[in-house]
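Structure, as structure tokens:
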Amino acid sequence: MMTIQQTIDDSLKKYDVFINFHGEDTRKNFTSHLQAALSKEVITYLDIDELEKGNEISSGLIKAIEESYVSIVIFSEDYASSKWCLNELVKILECKKDQGQIVMPIFYKVNPSRVRLQIGSFGLGFVKHEHCLKYNKVNLHKWQDALKEAAELAGWHSENYLTEYNLIKVIVKDVLKIVNKLLVEIENKYEETGSSQKSA
């Protein structure tokens with residue numbers, strides 16, 4: 001029988017939010033402003049290393065994704081050119097499927113249809129990847145499927161807001177609501193487990 005402590009350990013995570021983004025596009029503006037605003041309310045993970053070391057994401061980043069309740073994916077103009085971003089996205093969607101992680105996209109100055117259909121800059125990114133990965137089509141198909149799936153998820157489109165300030169304000173409000181709901185569910189799960197063990 002699972003103990004109360006095991007129930008808590010299985011439910012609690014290190015981070016509330018993991019942010020997936022393309023550094024060259026948004027690190028010094030939108031992403032940094034969003035991270036600063038989120039960090040006032042929730043525990044947020046943002047990769048502080050600006051250098052993408054190889055194509056594979058590090059074990060530390062994999063752990064950070066797994067240890068987050070929510071992942072925010074910031075789709076920007078050159079997002080699809082980064083193998084690093086795409087590998088993170090694949091891992092994020094694996095956690096969505098296996099752990100029930102909440103995944104929410106931000107379409108930052110890009111149309112969701114471009115992400116879903118991989119056209120425009122998203123198509124150009126894959127032209128480059130197709131050349132580099134001509135002997136490894138498996139990764140290519142994983143990335144394409146991940147973009148299609150993520151683009152269908154509910155999120156935020158920057159063009160629907162007058163200013164970035166308004167966009168960030170809405171994102172923080174929505175994320176805080178989701179995280180608080182998850183924590184209440186964990187607390188209820190803990191209380192139910194405790195009650196059932198006492199009565200057993």
Using a 1.4 angstrom probe on the protein heavy atoms only, could you order TYR190, TYR161 from most to least accessible area? TYR190, TYR161
Expressed as a percent, the accessible surface of region 50-133 that is carbon or sulfur, using a 1.4 Å probe and the full set of protein chains, is 51
If each of GLU24 and LYS173 carries a label point 7 Å out from its Cα toward its Cβ, how far apart are those two points in nm? 3.6
Based on alpha-carbon positions alone, could you give the equivalent ellipsoid semi-axes of region 60-180 from the gyration tensor, as √(5λ), descending, whole Å? 25, 19, 10
Inter-site label distance for ALA37 and SER113 at 7 Å from Cα along Cβ, in nm: 2.7
ASP25: accessible area at probe 1.4 Å, nearest 10 Å²? 40
Whenever you get a sec, line up HIS22, HIS157, HIS141 from highest to lowest accessible area (probe 1.4 Å, protein heavy atoms). HIS141, HIS157, HIS22
Here the FRET efficiency for GLN144 versus LYS97, based on Cβ atoms and R0 = 22 Å and rounded to 0.05, is 0.85
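Remind me, relative contact order of region 16-113 in percent, using alpha carbon pairs under 8 angstrom and six or more residues apart?
Reported relative contact order: 36 percent.
Taking a 18 Å limit on the Cα-Cα distance, which of the listed pairs LYS40/LYS177; LYS96/LYS137; LYS109/LYS137; LYS13/LYS96; LYS28/LYS173; LYS96/LYS148 fall beyond it?
LYS96/LYS137; LYS109/LYS137; LYS28/LYS173
The values are calculated or read from the model by the stated rules, or taken from the named source; none is laboratory data. Small disclaimer: the values here were computed from a predicted structure and weren't measured. In this analysis, Cβ positions are derived from the backbone assuming ideal geometry, glycine residues included, and neighbour counts consider all displayed protein chains. All accessible areas refer to the heavy atoms of the entire protein, side chains included, with ligands and DNA or RNA removed. Shrake-Rupley method; radii C 1.70, N 1.55, O 1.52, S 1.80 Å.
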